[in-house]
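Structure first, then comments.
Throughout, read-outs are computed from the coordinates displayed, never taken from laboratory work. Predicted, not measured: the structure shown is a model, and the values here were computed from it. Positions of Cβ are generated from backbone atoms using ideal geometry, with glycine treated the same way; all protein chains shown enter the neighbour counts.
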Amino acid sequence: MLQPPLLSSLSQQCSAVLFCVVVCSWVSNPPIEAVVFAWGASEDHQLGLDTEDNIDSPKVVESLLGLKFMGRSFVGCPLIGGSRNTLAIDAEGGLWSWGWNDRGTLGHGHRELQRKPAQVEALAGVRIVQAAIGGWHCLALSDEGQVYCWGGNEYQQCGYVAAEDEPEQQQQDWQTSNAGTATAKSDPGLQNSVDSSGNGAVADGYCPGGGVNEVNGYVGSSNGANMGVLPRARDILVPRRCMPGLKVKQVACGGMNSVVLTEGGEVWTWGE
């Protein structure tokens, strides 16, 4: 029996809508463990395949088998590839990293190469919903809108980092006094840390002596004086809260800089 053209068209549309609904739900909330394939350059073990040989065709990352990943959202992706390292976010919001680590870019508290995926223990108990990789540093965003940063920090690309022993109220007081005000202070030695209105907004004294100009591999003050501090000395080896007080909804990294979008629609940038 032939279907009238109109009914046939409606049937196709309903099938398409049902397909989209089902597929979208699988994307945002995968029902089973995903199988990850990797290929390409592997000299820094960024593929997680425990080999330094280049991989010419897709190969299963066996160390990730059985791991259920976070679903894909408009801004969040469960796998984040850098040039020399890789991040992954599991279904519980746990962050995993592997690859090159000379600058502490993996957040494991050391600088050793990570041949296979390993969970970032410093973020245990924090539900990560988005992450980004820069040149030497990383940013991660929690479901509560808090940004965490780690890795290379010679250009303050990790922004204002809360000290481990700094009281929460002191962090909030700093942010309240600096965020979105035309009189926000700027350390003359701190590179490009501004809010959406173009005002400098950094923590006074965060970088004693200024220091972002590299002189023969050292970090100098803004007037060019060599302070004798190696860039590696500024590395942050485990994730720390960054820009406390900001309620963030999206993060991104450049090579030596960072950008966040707040829930209020403000864009904050810092670094070189």
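Counting Lys and Arg as +1 and Asp and Glu as -1 over every other residue whose Cβ lies under 14 Å from the Cβ of residue 51, the net charge comes to -4. Remark: spin-label model distance residue 111-residue 62 equals 3.2 nm, labels positioned 7 Å along the Cα→Cβ axis. Overall form of segment 20-150: oblate. Here a/c, set by the Cα gyration tensor axes a ≥ b ≥ c, is 1.5 or more, and a/b is not larger than b/c.
A simple count of charges around residue 147, restricted to other residues whose Cβ falls under 11 Å of its Cβ and scoring Lys, Arg +1 and Asp, Glu -1, yields +3.
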